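Written below as structure tokens is the structure these notes are about.
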Amino acid sequence: RWITAKLEDMGDRRQVEKMYKEYQKTGKVIRTLPEDDKQIREMHAKEVRRISLKALNAEPIAPIGTKRTPVFVPAEDYAGETLTSVAGIEEEDEDILEAVEDGVEEAVDEAEDVYDDAEEDEDFIEEAEADADGDDEAFEDDAFEEDEEAELGASDEDDELYDDEDAVDLEDELEADAEEELEDEAEEDHTPPAIVAPAAFRRRAPSLTFESPVVEAPSVGPKTAAHLARAGIETVGDLLICDPDEAAEIIGVRHITVDAIETWQMQATLMIEVPGLRVHDAQLLVGAGISSREDLANASAATIFELAMEFLQTSAGSRVLRPGETLEEEEVEEWIEMAQETA
């Protein structure tokens, strides 16, 4: 709650709540991941784990801190020589491993020596800070940024996961600290608080606009965009105002029919009128018979979900979701809420 309260964007807040809800329910975060994270996960399964995304999603939850051993496949470098993986080191190469371990131990010892020296110089640092005349805050900010960068760098090199209970405890502590700060401020300042509009009323900018290139419209790829350009359709606005019959006749391509153009118009309209909708959201909604914000805001989640599931069984609908993705009724309810918020 403390984390989501800090998010002003309703879309970001809803995304975090969805991810946390899925984690509480399944112990994993797969379906509610943002699109870019889903692509990274798919590439990780293919390039690192060398398994299908479906197999990765089906894996049981491993104990906290468990590391996955990557699958190394021999590859040839640019000179044509075969590269070997670390996993292929045989027993006669144990000396190399021991040397690496010794190097790590030496690095740790050096770091400890630096830390000890820093402690010895603590008095000197305090005197320097006392002479800074107001530079304390800047010094603390720089130190905080350096510590934060060091923590981020360490997290990239360390694959261990934090314990879930520790994360929950940390969140509770942060929330308690925030409440104490609010209470202290209330005691010191008795002036009436300023009236601030709730975050729910902050409008989210649409991901698609009339000025967007037509290639960004749902279901329109680069090849289709090139065909549409022959009819003067270069932006999403051009697509929405064009006459489907005339455009289809000018283009003269078999798959760009009047029905197809009308479908693209409805999908683009939904994304513009309901900020927060993604491409496949609009495709599923139009497949379920929803063509405008008003239709979505007044519809039943159960009805849309049922019709969308039927659409997914068709040849056109089967291409909407990625392998391993599913549609949940909760997601449909969120679409309806977004449409009602933008009314």
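The rows are residues; the columns are (1) over 26 Å from residue 237 (Cα atoms); (2) basic (Lys, Arg).
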residue	(1), (2)
276	no, no
279	no, no
283	no, no
286	no, no
293	no, yes
309	yes, no
315	yes, no
326	yes, no
333	yes, no
Original post:
Regarding residue 293, is this residue free of Cβ contacts under 8 Å to residues at least 24 places away in the same chain and closer than 18 Å to residue 267 by Cβ?
Top reply: no
Subject >> Subset of segment 308-340 [at pLDDT 90 or above and charged (D, E, K, R)] >> reply: 310, 328, 329, 330, 331, 333, 334, 337
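The rows are residues; the columns are (1) in contact (Cβ under 8 Å) with a residue 60 or more places away in the chain; (2) under 22 Å from residue 342 (Cβ atoms); (3) not in a helix (DSSP H, G or I).
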{"site": "248", "(1), (2), (3)": "no, no, no"}
{"site": "253", "(1), (2), (3)": "no, no, yes"}
{"site": "262", "(1), (2), (3)": "no, no, no"}
{"site": "266", "(1), (2), (3)": "no, yes, no"}
{"site": "272", "(1), (2), (3)": "yes, yes, no"}
{"site": "299", "(1), (2), (3)": "no, yes, yes"}
{"site": "309", "(1), (2), (3)": "no, no, no"}
{"site": "314", "(1), (2), (3)": "no, no, yes"}
Original post:
Quick check: anything in segment 325-334 outside any helix (DSSP H, G or I), touching a residue at least 40 places away in the same chain (Cβ under 8 Å) and among the charged types (D, E, K, R)?
Top reply: yes
**OP:** Could you run through segment 295-307 and say how many residues are crowded, with 16+ Cβ neighbours inside 10 Å and either more than 29 Å from residue 234 (Cβ to Cβ) or at pLDDT below 90 (or both)?
**Re:** 6
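The values are calculated or read from the model by the stated rules, or taken from the named source; none is laboratory data. Model, not experiment: these values are computed from the prediction. Every residue, glycine as well, gets a Cβ built from its backbone with ideal geometry; the counts of neighbours run over all protein chains shown.
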